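Participant: Below is a structure I'd like to ask you about.
Every read-out reported here was derived from the displayed coordinates using simple, explicitly stated rules and does not represent laboratory data. Keep in mind the model is a prediction, meaning the values are calculated, not measured.
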Amino acid sequence: MTTLPNEEQHLEEMATDIVRVDNCPVTFFDLSWEDVIIPKILSKLTLKELFTLRCCSQTTKRLVECALEKLIEIDFAGNNSANIDLTFKVLGENCKRLENLQLARCNWMTDDLLLPILERNKHLKIVNLNECVNITPLALQPIIIECKDLRVLKLSKCQWLTTGAVDALTLHQSNLEEFDISHCTAIGERCLIIFFRKLNKLTVLSLANTLSVTDQVLIQIAKYCRALEHINLVGCAAISDFGIHALSNYCQRLQSLFIRHCPRVTERSLGPLRKRVFIDRPNHLDFNQNDFYPSDFLIY
């Protein structure tokens with residue numbers, strides 16, 4: 001392994017495209033990092049393989065960090081292995097072009113780990129924080145204010161999500177296409193009514209077991225979210241046929257409706273929908289076990 005000063009000089013030469021004219025042999029690192037090594041080789045490696053390469057020398061460390069700057073997606077969903085937080089900290093220091101951040105069920109995630117990566121990546125389109133129980137509304141601030149390209153936001157079982165955070169979303173995020181706040185109990189009915197008036201591009205919505213969802217909320221969704229295709233209302237015990245009728249009348253693109261454990265919703269409203277919409281609650285008078293089931297809608 002070469003000494004550190006020689007490595008630094010070598011990297012400086014490559015960065016400024018200086019052609020070497022001495023008799024030193026050409027090495028792998030003399031290839032163009034930007035045009036060859038990163039797009040043609042490192043892009044084929046897994047994140048684990050990149051971190052293994054990063055440990056080899058100072059030069060490979062810098063090379064891998066240049067590759068991490070161009071990373072578009074991080075998928076750590078359900079990954080709670082040892083030292084994963086240290087790995088994420090390195091990513092937070094280097095990633096600058098992320099578009100897709102999948103962190104569902106990451107029990108180790110905290111504000112201190114999440115905020116740096118959010119502040120450096122303002123072009124995020126997909127953020128999945130489902131069941132991240134150890135963060136606070138503070139972590140959402142960069143997402144809400146800076147991420148103008150955001151299209152998918154998943155916050156299922158985030159009990160820390162407050163009415164104030166949703167109010168901030170109302171002010172800054174009107175282009176959401178998919179939104180999940182299932183099992184979020186701290187959000188009020190009035191807050192949701194105002195919020196959904198802004199989301200005319202929404203196509204996928206999950207409100208399962210959100211007790212503040214009422215017929216009045218569904219009426220606002222029906223009137224303002226007419227592009228809606230999939231909605232999950234499982235366990236929303238306060239809704240009735242009145243709200244479902246509104247969805248049926250206004251949301252003509254609706255493809256699936258998840259409505260189990262809603263005792264006030266009957267076949268009076270579901271019956272007319274069954275001809276054009278998948279409904280997860282069977283009509284016992286006409287049940288076909290081969291009905292299509294869009295299972296990916298419920299997977300984090």
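Participant: So what's the angle, to the nearest 10 degrees on a 0 to 90 scale, between helix 163-172 and the longest Cα principal axis of the chain?
Facilitator: On a 0 to 90 degree scale, this one is about 70.
Participant: Sticking with this structure for a sec: Which value in deg cm²/dmol, rounded to the nearest 500, describes the helix-derived mean residue ellipticity at 222 nm for the chain, given -39,500 (n - 2.57) per DSSP H run of n ≥ 4 and division by the residue count?
Facilitator: Helix-only estimate at 222 nm: -10000 deg cm²/dmol.
Participant: Expressed as cubic angstrom per residue, what is the convex hull volume of the alpha carbon set of the range 137-296?
Facilitator: Hull volume over Cα atoms, normalised by residue count, gives 100 Å³.
Participant: Enumerate the amide H contacts of residue 279 below 5 Å, restricted to partners 5 or more residues apart or on another chain; note that Pro and chain-start residues carry no placed amide H.
Facilitator: Counting only residues 5 or more places away or on other chains, the set is 257.
Participant: Can you give the angle from 0 to 90° between the axis of helix 215-224 and the longest principal axis of the chain, with both taken from C-alpha atoms, to the nearest 10?
Facilitator: Approximately 60 degrees, to the nearest 10.
Participant: Continuing with the same structure: How far is the Cα center of the range 133-179 from the Cα center of the range 35-109, in Å?
Facilitator: The two parts, judged by their Cα centres, are 24 Å apart.
Participant: Then there is this: Spelling out what I want: for every residue of the range 105-115, take phi, set θ = phi - 60°, compute 6.51 cos²θ - 1.76 cosθ + 1.60 (Karplus), and round to whole Hz; glycine and proline get x.
Facilitator: Per residue, the Karplus-derived 3J(HN,Hα) values read 6, 8, 5, 8, 5, 10, 4, 4, 7, 7, 4 Hz.
Participant: Evaluated at 10 °C with a viscosity of 1.306 mPa s, what Stokes-Einstein diffusion coefficient in µm²/s does the range 101-229 have when Rh comes from the Kirkwood expression over alpha-carbon pairs?
Facilitator: 109 µm²/s
Participant: Right, another one. How long are the three semi-axes of the equivalent ellipsoid for the range 210-279, computed from the Cα gyration tensor as the root of 5 times each eigenvalue, in whole Å, largest first?
Facilitator: So the three semi-axes of the range 210-279 are 16, 14, 10 Å.
Participant: How are the Cα pair distances of the chain distributed, in percent, across 10 Å bins from 0?
Facilitator: 6, 24, 25, 18, 13, 8, 4, 2, 0
Participant: What pairs from 96/223; 96/198; 48/125; 70/157 go past 27 Å between their alpha carbons?
Facilitator: Those over the limit are 96/223; 96/198; 70/157.
Participant: Work out, step by step, the length gained on full extension between residue 81 and residue 46: first 0.36 nm times the residue separation, then minus their alpha carbon distance; give nm to one decimal.
Facilitator: That works out to 11.0 nm of additional length.
Participant: Could I ask something else about it? Just to check, using Stokes-Einstein with a Kirkwood Rh over alpha carbon pairs, what's the diffusion coefficient of the range 146-198 at 4 °C and 1.567 mPa s in µm²/s?
Facilitator: D, rounded to a whole number, is 114 µm²/s.
Participant: Taking only the Cα atoms of the range 24-116, how large is their convex hull per residue, in Å³?
Facilitator: 103 Å³
Participant: Give a residue-ordered list of calculated ³J(HN,Hα) values for the range 38-48 (Karplus: 6.51 cos²θ - 1.76 cosθ + 1.60, θ = phi - 60°; whole Hz; x for Gly, Pro).
Facilitator: Here the 3J(HN,Hα) series is 6, x, 9, 10, 5, 5, 8, 8, 6, 4, 4 Hz.
Participant: Let me ask something additional. Report the full-extension gain for the segment residue 89 to residue 264: residue separation times 0.36 nm, less the Cα-Cα distance, to one decimal in nm.
Facilitator: Full extension from residue 89 to residue 264 adds 58.2 nm.
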